[in-house]
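See structure below.
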Amino acid sequence: MQESLKKDNLIVKLSFELAVETIDFCSKLDEMKKWSLANQISRAALSVGANIKEAQNAESKNDFIHKMKIAAKEADELEYYFEVCNASTLLPNANGLLTKVNSVCKILNKIISTSKTINSKADQHIS
């Protein structure tokens, strides 16, 4: 990923860090032979960042909002998996990852709500 994009864009940076740290966490799950869970978690984590990255080249404001909403849904799913890991005595603790995904969720929700507001104001000026 372009270093300048990660430095200049907080959500791109955080989602990339989340993906990398989650892959490391999933390697622990693999060692425990929790392959299905590791696969689900890694897919969700990679999807968050991939959709955020894709949104950076959106064709329209609506496309941008849509891709960010997908990222938010994947982040919510990832949050659930980390909560399950923390609740289970058979799985590794995911507190640090849970904190990070919570931050990503908050930022995504703010980006989405702000983008919707800007988009609706632009639509009102056109009418």
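Coordinate-derived values only; no laboratory data. Predicted model only: the values in this text are computed from it and were never measured. As a convention, Cβ positions derive from the backbone with ideal geometry for all residues, glycine included, and neighbour counts pool all protein chains shown.
Hey, what number do you get for the chain at 222 nm if only DSSP H runs of n ≥ 4 count, each worth -39500 (n - 2.57), divided across all residues, to the nearest 500?
Here the helix-only value at 222 nm equals -29500 deg cm²/dmol.
What pairs from LYS33/LYS69; LYS100/LYS121; LYS33/LYS67; LYS28/LYS110; LYS13/LYS33; LYS69/LYS121 go past 28 Å between their alpha carbons?
LYS33/LYS69; LYS100/LYS121; LYS33/LYS67; LYS28/LYS110; LYS13/LYS33, as the Cα separations exceed 28 Å there.
Return the FRET efficiency for the residue pair SER27, ASN109: r is the Cβ-Cβ distance, R0 is 30 Å, and the value is rounded to the nearest 0.05.
0.50
Assuming R0 = 25 Å, can you tell me the calculated FRET efficiency for the pair ASN39 and HIS66, based on Cβ-Cβ distance, to the nearest 0.05?
E(calc), rounded to 0.05, equals 0.45.
Name all residues of the range 48-67 having a backbone nitrogen under 17 Å from the label point set 7 Å from the Cα of ASN119 along its Cα→Cβ direction, giving them as ranges.
51-67
Dipole of the chain, Cα-centred, from +1 at each Lys and Arg C-beta and -1 at each Asp and Glu C-beta, to the nearest 20 debye?
Here the size comes out at about 260 debye.
Evaluate the Kirkwood expression for the hydrodynamic radius of the range 77-127, namely the inverse of the mean inverse distance over all pairs of different C-alpha atoms, and round to one decimal in Å.
Computed over the range 77-127, the radius equals 13.0 Å.
Tell me the Kirkwood hydrodynamic radius of the chain in angstroms, computed as one over the mean inverse distance between distinct C-alpha pairs.
About 15.3 Å, per the Kirkwood formula over Cα pairs.
Less than 12 Å Cβ to Cβ from ASP76, Lys/Arg counted +1 and Asp/Glu -1: what total charge do the surrounding residues give?
With Lys, Arg at +1 and Asp, Glu at -1, the neighbours total -1.
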